[in-house]
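Shown next, in structure tokens, is the structure this report addresses.
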Amino acid sequence: MIRHPEFVPGTVWLAGAGPGDPALLTLAALHAIETADVIVHDALVSPEILALAPSRRLRIAAGKRAGGARTPQWAIHEQLIAHARRGARVLRLKGGDPFVFGRGGEECLALAAAGIAFRVVPGISAGIGATSAALVPITHRGVARSVVFATGEAGPDGTDVDFRTLGRAADTLVLYMARRHLGRIAAMLIEGGRPVTDPVALMLDATTPRERVVHTTLGEAAGVARGLPPAATLVVIGAVAALGAMLAPPERAARRVGAL
């Protein structure tokens, strides 16, 4: 029998919702969803997962969709603290894992400074969950012995990840929040020595019924991405990106792999 820790009123749990499929939630995350009084969720949390919460629960969207509506981080901190101080069980529900490009650390620091008790519930990060579900092994003997996870977004000070160097540092690159910036990123990677023919997989709405995986090359990726519908997108660059098309059964490949 699994005994979950008590979700105490006046506390905040930060839970990872995984890459999208409700079946990939941890038991602890599901317990939190069913128990919380208030759920403050990211835009990346799938509708199928939000539907698991009892209808009487207060749900607050606090998304940061690239190129769209963005809830300021300070406003999220204020909401978490305010609801906790009113005695609610507050769940901060995040796509993937709270500490993998999820700003979970910032929220924990804000809660600690406000004297609010909190707990972190790990989740399956998209960089692992989405790639495995898409049959793209991010490491593969004889093909890729190293992998780097990075963000495509510039930092608060406007500085970029040094993709010229990063491209030489690992066989496989798994990029979060990179779709809008693929032209710039690809140019830096090519300048740093990665071939224009390097395989790329674009994973849209991974592990959900809306999933689509599009295979292209580094030189063509930016143009291909511009032609795709809006969706949460993970970008995988490297020789392993081509393995997804090879491993997918024919009936799945027709549905999941986009034509170039």
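Every number here is computed from the coordinates shown, using simple stated rules; none is lab data. Please read all numbers here as calculations on a predicted model, not as lab measurements. So basically every Cβ, Gly included, is an ideal-geometry build from the backbone, and we count neighbours across all protein chains shown.
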(request) Exposed loop GluC sites (Glu not before Pro) only (DSSP loop, at most 15 other Cβ atoms within 10 Å): please give the longest stretch of the chain free of them, not including the sites. (result) 7-219
(request) Taking the Cβ of residue 24 as the centre, find all other residues whose Cβ is under 13 Å away and add up their charges (Lys, Arg: +1; Asp, Glu: -1). (result) -4
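Considering only region 127-258, what is the antiparallel percent among its DSSP beta bridges, to the nearest 5?
The answer is about 70 percent antiparallel.
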(request) Pull out a ≥ b ≥ c, the square roots of the eigenvalues of the alpha-carbon gyration tensor of region 85-200, then state rounded if a/c is under 1.5, prolate if not and a/b is larger than b/c, and oblate in the remaining case. (result) prolate
(request) Mind running the shape call on region 12-124? Use the C-alpha gyration tensor, a ≥ b ≥ c as the square roots of the eigenvalues: rounded below 1.5 for a/c, prolate if a/b tops b/c, oblate otherwise. (result) rounded
(request) Have a look at the DSSP beta bridges in the chain and tell me what percent are antiparallel, nearest 5. (result) 45
(request) Return the single residue from 104, 155, 244 with maximal mean-square fluctuation; model: Gaussian network over the chain, springs between Cα atoms under 10 Å. (result) 155
(request) Determine the shape class of region 120-169: with a ≥ b ≥ c the square roots of the Cα gyration tensor eigenvalues, call it rounded for a/c under 1.5, and otherwise prolate if a/b is greater than b/c, oblate otherwise. (result) oblate
